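Peer 1: So that we are looking at the same thing, I have put the structure below in structure tokens.
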Amino acid sequence: MFDHFVVPNLQPAASEIFLLVMALAILLIDLFVKDSRRTVIFALSVLTLLGCAVIQYAGSAFVTGVGETTYTFSNMFVDDLMSDMLKLFLYLTVIIVLFYSRAYLVDRSEMNKGEYYVLLLLATLGMMVMISANSFVTVYIGIELLALPLYAMVAMNRQSLAASEAAMKYFILGALASGLLLYGMSMIYGATGSLEITAIAERLANGDVNGNLLAFGLVFLIAGLAFKLGIVPFHMWIPDVYHGAPTSVTLLIASAPKLAAFAIVMRLLVNGLHPLAGDWQVMLMIMAVLSMAIGNLAAIVQTNIKRMLAYSAISHMGFMLLGIVSGVVDGNARLATEAYSSSMFYVISYVLMSLGAFGMILLLARAGFEADTLDDFKGLNQRSPWFAAIMMMLMFSMAGIPFFVGFFAKFSVLMFVIAAGHTWLAIVAVLFSLIGAFYYLRVVKLMYFDAPQDKTPIVDGPDMRLLISVNGVAVAALGLFPQFIMALCVISLRYSLG
Amino acid sequence: MSTYPLLSLAIWLPIAAGVIVLLTGSDRNAPLARRLALVGALAGFLVTIPLWAGFDTTHSGMQFVEMGSWIPRFNINYHLGVDGISMLFVILNAFITVIVVAAGWEVVTQKVAQYNAAFLIMSGLMNGIFSSLDGVLFYVFFEASLIPMYLIIGVWGGPNRVYAAFKFFLYTLFGSLLFLLALIYLFVHSGSFSILDWHELPIALGPQIWIFLAFLIAFAVKVPMWPVHTWLPDAHVEAPTGGSIVLAAIALKLGAYGFLRFSLPIAPNASHELAPLMIALSLIAVVYIGFVALVQADMKKLVAYSSIAHMGFVTLGFFMFSALGVEGALVQMISHGFVSGAMFFCIGVMYDRVHSRQIADYGGVVNTMPKFAALFMLFSMANAGLPATSGFVGEFMVILGAVQFNFWVAFAAAISLILGAAYSLWMYKRVIFGAVANEHVAKLSDINGREFAILGVLALCTLWMGLHPQVFTEVMHASVNGLLDHVNSRIH
């Protein structure tokens, strides 16, 4: 009866399994931990992620030297160099998120529960599954595993009306997007007869598919992806959720999921539907331009910095897409991997900057006070020159001014946009960057040119101070020496996308 | 030739000094910050001296070359070097930094460490611009130098400083972003970011025109040329004295330098095709802006407009493609560095005492500040282009070049000598001469030792260059001829 049951190769999913076990263990341990000793749960969560990182690193080509792609669970799960690299960045990101949020959560005891940490770990697991998905089913499981904990985390502060509203919007729009995605997947399944991404690619290459059905499915698939990336016209949730969610949750939503969203774009569109590049490139190109336009223009009028950064996130994701639409030129995919790697570099740089910027809001927040309006940054240079300098570096980096990593992110994407011959697209992109520079400069203006409204000293612990300093310095250091991360992106995509 | 990485030192020493100055922290340590800044600026100046001492004037190519791989992913190198065109600007920049640190000594009392650090860091970045031989390296320095200037205008500037700082930043960023696209385009077609490789790159006329226009937007904003000059008067008026000095003496030169390093050699055909446009724009700057300067009521605005007119001479000199014109333009750039720096410092001296820059608020200053009046006279004369001052040499060479090129161009350019004399000397007359105008002027105290030293050094430079310009031109000679030969040989 059990003849057909083969134990799958668990090794490629070792870190996922570890994380799941630990998340459940933490849920149990939390029953025995008093509210005042919540640090134990925090420490266990950090250790879990560190453990994941060690497992991931030990099993990756960085150690074994074999850049081989392995499939497991009946080809539903893939472990390749891209997934190793993105997951390592993911663990780092989530660890930073945990550290940045710690003081904020301690000040807000209604959120500082064991569930918060468990939900965060489960969301991380969802992102890991997304990164390693090689089947529509796995993609969907990953997306839901990420989204459901996030809905709960946004609503965690039950007293906050804004948070409840944000959670509701997020949930409804998220459910709609999942529906669209599933609908698109079912049609692609209908056209190709497979849910497995690599198998779909093979069938497309053979050409025996129903073109109309496929194109129809692609549209829905793109819509679902666009929602997860937060690009126009599926961006409506971003400002509301970023604004309404507790800042510690915004920090999470604004950072790590971008890595996972990039990964599923690679899995679905490049690993799976690359022969359709001509079709999806046009769609993404339009969405990219609209995202840069609406993101940058709407950010100008915001008074809330979380909302401003939300629109900035929309424009950044639009810019990032420019690399993805520049891979295949007239059916020639010669530069494709390189172009996608520039987008990957962009995402990683963006996550680093986004972490720093939201971390800074958390740094300025204290018990009973959210430093989430732009005016809260007034005169920061007088309150703390060092943190003002860090924030300035982050803002200039987001604006794409050298010597900060954001410049090289934009630079490498533009490189492939021009190499692909889309000069007009590059001009549009830089003109919207110019508009975008205005609102980043305004933050610098508030910090440096204006007098402080609030003279409360910044009281966060040394871990937070150190980490956010490292974050800011990293933005500058990677701007001076971007080669290492750039090369990692190229190598990992070269192995993973072939 | 020295084996020390002199250019790297010229770039990174001031930046490192700036970071050290920042570490002194709050204004309680202001005296320490000032002293450290002066030491840093002097050290930064001293390391540039061997560039001149060891310079081979017979050689037209790059000297003191440093080469290292920076971002191999895109074949971007840390490639530095100077020729006769750029070398003097590195020294001028380092020299002006010393002046600026000294100029802010007692005057700046708020956030002293940050003030001095901003200037030191900017000095290093601008040295980077003048010595980069890699397109991306150039661009990175070019754009990064906006950040300290933005802060200088915004933090220590006048009442309308926020507007001026934003205008300055966004205007310049607009130009440089299209420049960046042109750089990437060149890379895509050559596989290299080396400026020297691009000089040899054959490009058809059509793309050359586009490249030239992309360069033009970046450099014209920076120079600034009419009609994209409007940010400069705002920036000058609102900037603190030191900021105005650096803007006028160095930052404006970056755009003009860009024409020589990028536009002419990379797009020689387009440069020739569009030379009439460039000459027309330059003449508008020279004549029209000269008239605009005449009617200014604010001294800083007047000098700002006069800077635009003087820079019109520079671009005029470049686009006549004669050695006389280009060398004259280069001399004019260096001379303008001394003279406009000194003019802004003079206005700063008066502003520190009276807190007004309006010409109408002065009159009869000579009665209370005789020493100052004498030195200010020299710089006003130099600004007007009086023989024996540096201001004369450049303008004269450019006009000579223009006569060879076209009589009417020379005629129009020569009008500026009259206009220059008119606005400079008329301002001087209204401010300095006459009876003591009001009680503020009556209470003025003459310049102190520090101010005298600064003005004295600048006066010596102005006279030295006016009386003995060969020292400067012989350095440029080989490189300018090399550049023009190169441009002419590539025209088809």
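Peer 1: Go through (1) in contact (Cβ under 8 Å) with a residue 12 or more places away in the chain; (2) over 16 Å from the mean Cα position of the chain (by Cα); (3) under 17 Å from A:MET447 (Cα atoms) for B:MET149 and report which single condition fails.
Peer 2: (2)
Peer 1: For residues that are in contact (Cβ under 8 Å) with a residue 60 or more places away in the chain and over 21 Å from A:ASP376 (Cα atoms), scanning just region A:459-470, find the one that is farthest from the other protein chains (Cβ to nearest Cβ).
Peer 2: Among those that are in contact (Cβ under 8 Å) with a residue 60 or more places away in the chain and over 21 Å from A:ASP376 (Cα atoms), it is A:ASP463.
Table: residues versus (1) among the aliphatic types (A, V, I, L, M); (2) part of a helix (DSSP H, G or I); (3) farther than 28 Å from B:ALA102 by Cα; (4) free of Cβ contacts under 8 Å to residues at least 24 places away in the same chain.
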position	(1), (2), (3), (4)
B:VAL292	yes, yes, yes, yes
B:TYR305	no, yes, no, no
B:GLU327	no, yes, yes, no
B:VAL339	yes, yes, no, no
B:PHE344	no, yes, no, no
B:VAL349	yes, yes, no, no
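Peer 1: Oh, and also: Condition first: assigned to a helix (DSSP H, G or I) and closer than 11 Å to B:ALA275 by Cβ. Now tell me which residues in region B:314-324 satisfy that.
Peer 2: Across region B:314-324, the qualifying residues are B:THR315, B:LEU316, B:PHE318.
Peer 1: On to the next question. Kindly indicate the residue of region A:1-36 that is of a type in the set (Asp, Glu) and either in contact with a helix residue (DSSP H, G or I) (Cβ under 7 Å, 6 or more places away or on another chain) or part of a loop (DSSP other than H, G, I, E, B) (or both) and also modelled with the lowest pLDDT among those meeting that condition.
Peer 2: Looking at the filtered set, the residue picked out is A:ASP3.
Peer 1: Can I ask one more? Answer yes or no: is there a residue in region B:142-153 that is part of a loop (DSSP other than H, G, I, E, B), small (Gly, Ala, Ser) and out of contact with any Pro (no Cβ under 6 Å at 6 or more places or on another chain).
Peer 2: yes
Peer 1: Can you find a residue that is among the hydrophobic types (A, V, I, L, M, F, W, C), farther than 25 Å from B:ILE184 by Cβ, surrounded by fewer than 24 Cβ atoms within 10 Å (Cβ to Cβ) and within 14 Å of another protein chain (Cβ to nearest Cβ) anywhere in region B:121-133?
Peer 2: yes
Peer 1: So, one more: Of everything in region A:360-402, what is buried (at least 24 other Cβ atoms within 10 Å of the Cβ), within 12 Å of chain B (Cβ to nearest Cβ) and not aliphatic (A, V, I, L, M)? Give them in sequence order.
Peer 2: A:ASN381, A:PHE396, A:SER397, A:GLY400, A:PRO402
Peer 1: Restricting attention to region A:436-458, which residues are at the interface with another protein chain (Cβ under 9 Å from one of its Cβ atoms) and aliphatic (A, V, I, L, M)?
Peer 2: Once the filter is applied, which keeps residues that are at the interface with another protein chain (Cβ under 9 Å from one of its Cβ atoms) and aliphatic (A, V, I, L, M), region A:436-458 yields A:ALA437, A:LEU441, A:VAL444.
Peer 1: Continuing with this model, one more query. Out of curiosity, is A:GLU68 in contact with a Lys or Arg (Cβ under 9 Å, 6 or more places away or on another chain), of a type outside the set (Gly, Ala, Ser) and part of a loop (DSSP other than H, G, I, E, B)?
Peer 2: No.
Peer 1: Now for a different question. Restricting region A:253-287 to residues that are more than 18 Å from the chain's Cα centre (by Cα) and of a type in the set (S, T, N, Q), which is nearest to A:SER132 (Cα to Cα)?
Peer 2: It comes out as A:ASN271.
Peer 1: Another question about this same structure. Collect the residues in region B:1-57 that are within 14 Å of another protein chain (Cβ to nearest Cβ) and β-branched (Val, Ile, Thr), keeping them in residue-number order.
Peer 2: Result: B:ILE11, B:ILE15, B:VAL19, B:VAL21, B:THR24.
Peer 1: Just to be sure I understand, how many residues within region B:31-64 are farther than 17 Å from B:TRP12 by Cβ and touching a Leu at 6+ places or on another chain (Cβ under 7 Å)?
Peer 2: Summing the residues that are farther than 17 Å from B:TRP12 by Cβ and touching a Leu at 6+ places or on another chain (Cβ under 7 Å) in region B:31-64 gives 1.
Peer 1: Across region B:89-111, what is the number of residues that are surrounded by fewer than 24 Cβ atoms within 10 Å (Cβ to Cβ), over 17 Å from B:PHE345 (Cβ atoms) and in contact (Cβ under 8 Å) with a residue 60 or more places away in the chain?
Peer 2: Qualifying residue count, region B:89-111: 3.
Peer 1: Only one residue in A:LEU90, A:LEU28, A:LEU44, A:LEU20 is of a type in the set (A, V, I, L, M, F, W, C), crowded, with 22+ Cβ neighbours inside 10 Å and under 23 Å from A:LEU122 (Cβ atoms). Which one?
Peer 2: Exactly one of A:LEU90, A:LEU28, A:LEU44, A:LEU20 is of a type in the set (A, V, I, L, M, F, W, C), crowded, with 22+ Cβ neighbours inside 10 Å and under 23 Å from A:LEU122 (Cβ atoms), namely A:LEU90.
Peer 1: Is there a residue being crowded, with 24+ Cβ neighbours inside 10 Å and among the β-branched types (Val, Ile, Thr) anywhere in region A:351-359? Explain how you work it out, then say what you get.
Peer 2: To start, the set of residues in region A:351-359 that are crowded, with 24+ Cβ neighbours inside 10 Å comprises A:352-359.
Within this subset, residues satisfying the condition of being among the β-branched types (Val, Ile, Thr) are none.
No, there is no match, as no residue in region A:351-359 is crowded, with 24+ Cβ neighbours inside 10 Å and among the β-branched types (Val, Ile, Thr).
Peer 1: Read through the list (1) buried (at least 24 other Cβ atoms within 10 Å of the Cβ); (2) within 10 Å of chain A (Cβ to nearest Cβ), then give the number of the only condition that B:VAL162 fails.
Peer 2: Going through (1) buried (at least 24 other Cβ atoms within 10 Å of the Cβ); (2) within 10 Å of chain A (Cβ to nearest Cβ) one by one, B:VAL162 breaks only (1).
Peer 1: Now for a different question. Can you give me the number of residues within region B:177-230 that are touching an Asp or Glu at 6+ places or on another chain (Cβ under 9 Å) and among the charged types (D, E, K, R)?
Peer 2: Matching residues across region B:177-230 total 0.
Peer 1: Continuing with this model, one more query. Against the condition among the aliphatic types (A, V, I, L, M), within 18 Å of B:PHE472 (Cβ to Cβ), part of a helix (DSSP H, G or I) and within 22 Å of the chain's Cα centre (by Cα), how does B:ALA285 come out, does it pass?
Peer 2: Taking the combined requirement at face value, the residue does not satisfy it.
Peer 1: Further question: Tally time: how many residues in region A:121-162 are in contact (Cβ under 8 Å) with a residue 40 or more places away in the chain and under 27 Å from A:ALA191 (Cα atoms)? Before you say what the answer is, go through the steps one by one.
Peer 2: First pass over region A:121-162, keeping only residues in contact (Cβ under 8 Å) with a residue 40 or more places away in the chain: A:121-140, A:142-143, A:146, A:150, A:153-154, A:156-160, A:162.
The next check asks that each one be under 27 Å from A:ALA191 (Cα atoms); those that pass are A:129-140, A:142-143.
Qualifying residue count for the region: 14.
Peer 1: I would also like to ask the following. In region B:62-87, what count of residues is obtained for those that are touching a residue at least 24 places away in the same chain (Cβ under 8 Å) and in contact with a Gly (Cβ under 9 Å, 6 or more places away or on another chain)?
Peer 2: Residues meeting the conditions: 14.
Peer 1: When region B:127-146 is examined, which residues are found to be among the polar types (S, T, N, Q) and within 16 Å of the chain's Cα centre (by Cα)?
Peer 2: B:ASN127, B:SER131, B:SER145
Peer 1: Restricting to region B:168-223, give me the number of residues that are hydroxyl-bearing (Ser, Thr, Tyr) and more than 19 Å from the chain's Cα centre (by Cα).
Peer 2: 4
Peer 1: Now, a different point. Scanning region B:73-111 for residues that are within 14 Å of chain A (Cβ to nearest Cβ) and of a type in the set (A, V, I, L, M, F, W, C), which turns out farthest from B:ALA239 (Cα to Cα)?
Peer 2: Going through the qualifying residues, I end up with B:PHE74.
Peer 1: Look at A:PHE42 and say whether it is under 16 Å from A:VAL129 (Cβ atoms) and either assigned to a helix (DSSP H, G or I) or in contact with a helix residue (DSSP H, G or I) (Cβ under 8 Å, 6 or more places away or on another chain) (or both).
Peer 2: no
Peer 1: Within the bounds of region A:415-429, is there any residue that is more than 27 Å from B:PHE169 (Cβ to Cβ), of a type outside the set (Val, Ile, Thr) and within 8 Å of chain B (Cβ to nearest Cβ)? Step through it out loud before you land on a result.
Peer 2: Here is the first cut: in region A:415-429, the residues more than 27 Å from B:PHE169 (Cβ to Cβ) are A:416, A:419-422.
With of a type outside the set (Val, Ile, Thr) added as a condition, the list becomes A:416, A:419-422.
Among the residues that remain, those that are also within 8 Å of chain B (Cβ to nearest Cβ) are: A:419.
Yes, that holds for at least one residue.
Peer 1: Starting from residues that are of a type in the set (Val, Ile, Thr) and farther than 9 Å from B:VAL398 by Cα, keep the ones in region B:318-343 and report whichever is surrounded by the most Cβ atoms within 10 Å (Cβ to Cβ).
Peer 2: Going through the qualifying residues, I end up with B:VAL339.
Peer 1: Could you figure out which of (1) more than 10 Å from chain B (Cβ to nearest Cβ); (2) in a helix (DSSP H, G or I) isn't true of A:LYS410?
Peer 2: (1)
The values are calculated or read from the model by the stated rules, or taken from the named source; none is laboratory data. It should be emphasised that the depicted structure is a prediction, and the values quoted were computed from it without experimental measurement. All Cβ positions, glycine included, derive from the backbone under ideal geometry; neighbour counts span all protein chains shown.
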